[in-house]
1. With N set to the number of residues, divide the alpha-carbon radius of gyration of region 1-44 by 2.2 N^0.38 Å and report two decimals.
2. Taking the chain as a Gaussian network, where each spring joins two C-alpha atoms under 10 Å apart, which residue of Ser55, Ser153, Ser120 fluctuates the most?
3. Which length gain, in nm to one decimal place, applies between Ala54 and Phe116 when the Cα-Cα distance is subtracted from 0.36 nm times their residue separation?
4. How far apart, in nm, are two points set 7 Å out from the Cα along the Cα-to-Cβ line at Val188 and at Arg67?
5. Please label the shape of region 103-185 as rounded, prolate or oblate, based on the square roots a ≥ b ≥ c of the eigenvalues of the alpha-carbon gyration tensor (a/c under 1.5 means rounded; beyond that, a/b larger than b/c means prolate, else oblate).
6. Hey, fewest Cβ within 10 Å first, where do Ser172, Ser136, Ser62 land in order?
7. 222 nm [θ] for the chain, helices only, -39500 (n - 2.57) per DSSP H run of 4+, per residue, to 500?
8. Quick one: helix 183-200 against the long Cα principal axis of the chain, what's the angle to the nearest 10°, folded into 0 to 90?
Amino acid sequence: MFTGLIEALGAVGETRELPSGRRLRIATRVAGQLAQGDSIAVNGVCLTVVAFDASGFEAEVSPETLRVTNLAELRDGSTVNLERPLLPSDRLGGHFVQGHVDGVGRIADIRQEADFWWVSVGFPADLARYFVTKGSVAVDGISLTVAGLDRNSLTVQIIPHTWRHTNLHARSVGEAVNIECDIIGKYVVRGVEAFGGVLKG
């Protein structure tokens, strides 16, 4: 379980193709605080540390994860958001983020307003029912609030701290981002659909 509060940035140092899947090496300042077998969110995707040293760590990405996230588009030098899992003793900022990506969106617009930025993200049509204005969403693992919403895109406003300390400052229009919908919203929708199904029966 994560919070969507990005702990550090990482830089992809190497991508190696496996017989199926891919192995990533990511350089980061938090590498010395990791252990083999630890979970870590990379652009909001929960991965397992399979090797590490003082300067970075390695993780293996399954074919299914490559298919449903933006990790397949990572190249040497790509900047990624990193977050270690929530501890039971930690304060809970952000919102509950599982590291289970619901879909890949595309950045539709980036607009600066004084020291802040507006970022619009197009999303797959089947995710529309999980978003509400002022609700939570994780974009590349970043806990954000939906400030604007239409049929196929959402807009968030980014504060200067988040802009500087996440990979958003390195993003461009058209690039893919991982989207994880609020888990509470997903359970509500599922419950309503299940209840409606019973009534119809």
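1. Working: Rg = 11.8 Å, N = 44, 2.2 N^0.38 = 9.3 Å.
Scaled against compact globular proteins, the figure is 1.27.
2. Ser55
3. Working it through step by step, the gained length comes to 18.9 nm.
4. 3.1
5. Prolate is the answer for region 103-185, as a/c is 1.5 or above and a/b outweighs b/c.
6. Ser172, Ser62, Ser136
7. Values: 3 runs with 30 residues, N = 201.
Computed ellipticity for the chain at 222 nm equals -4500 deg cm²/dmol.
8. Taking the Cα atoms of the chain, the angle to 183-200 is about 40 degrees.
Where a number appears in this text, it was derived from the coordinates with a stated rule and is not lab data. Please read all numbers here as calculations on a predicted model, not as lab measurements. In this analysis, Cβ positions are derived from the backbone assuming ideal geometry, glycine residues included, and neighbour counts consider all displayed protein chains.
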